[in-house]
Amino acid sequence: MQDTIQAIRFRLDRVGVLLSGLCAVHCVAGLVLVTLLGLGGGVLLNPAIHEIGLVLAIGVGVMTLGLAALRHGRTGPLLLGGCGLALMASALSIEHGPREALLTIAGVTLLAAAHIRNLRHAH
């Protein structure tokens, strides 16, 4: 049973890194397509995409970073991921644009780093 939980957590950490990367690509693509080309604003800047992404990030973060901290007592990845999530959440409170993208990209970078540290601690 413990091996199954460990395997699930390992996979979810990898999903967390993937989601973080996809979020960063979404932010950059949104800025480029909307600002420079005037395309896709309705879809790429839809608040629901950002809210759903944050909910997914929180869910994966709690299940991987939180459980690992409880199991191993290493709180570094949890604190790093929490800072990343806080930056992502704060980005939702400002207007779309470069500042929002920078906050989000900084947040997903910290969150991805936390998942990577968590994966390294698992081995």
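One line per residue, one yes/no per condition, for (1) in contact with a Pro (Cβ under 9 Å, 6 or more places away or on another chain); (2) farther than 22 Å from HIS50 by Cα:
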position: PRO77; (1), (2): no, yes
position: LEU80; (1), (2): no, no
position: LEU87; (1), (2): no, no
position: SER90; (1), (2): no, no
position: SER93; (1), (2): no, no
position: LEU103; (1), (2): no, no
position: ALA106; (1), (2): no, no
position: LEU110; (1), (2): no, no
position: HIS115; (1), (2): yes, no
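ILE94 versus (1) farther than 14 Å from CYS23 by Cβ; (2) in a helix (DSSP H, G or I): which is the lone unmet condition? Of everything listed in (1) farther than 14 Å from CYS23 by Cβ; (2) in a helix (DSSP H, G or I), ILE94 misses just condition (2).
Among the residues examined, VAL108 qualifies as farther than 15 Å from PHE10 by Cβ, touching a Cys at 6+ places or on another chain (Cβ under 8 Å) and assigned to a helix (DSSP H, G or I).
Name the single residue that is farthest from LEU31 (Cα to Cα) among those in the stretch 43-65 being surrounded by fewer than 16 Cβ atoms within 10 Å (Cβ to Cβ) and small (Gly, Ala, Ser). That would be GLY59.
Checked against (1) of a type in the set (A, V, I, L, M, F, W, C); (2) over 10 Å from the mean Cα position of the chain (by Cα); (3) modelled with pLDDT of 90 or more; (4) farther than 19 Å from ARG14 by Cβ, ALA48 passes all but a single condition, namely (3).
Of the listed requirements (1) more than 16 Å from CYS23 (Cα to Cα); (2) touching a residue at least 24 places away in the same chain (Cβ under 8 Å), ALA113 misses just one: (1).
The values are calculated or read from the model by the stated rules, or taken from the named source; none is laboratory data. As the structure is a prediction and not an experimental result, all values here were calculated from the model. Here Cβ is always computed from backbone atoms with ideal geometry, including for glycine, and neighbour counts include all displayed protein chains.
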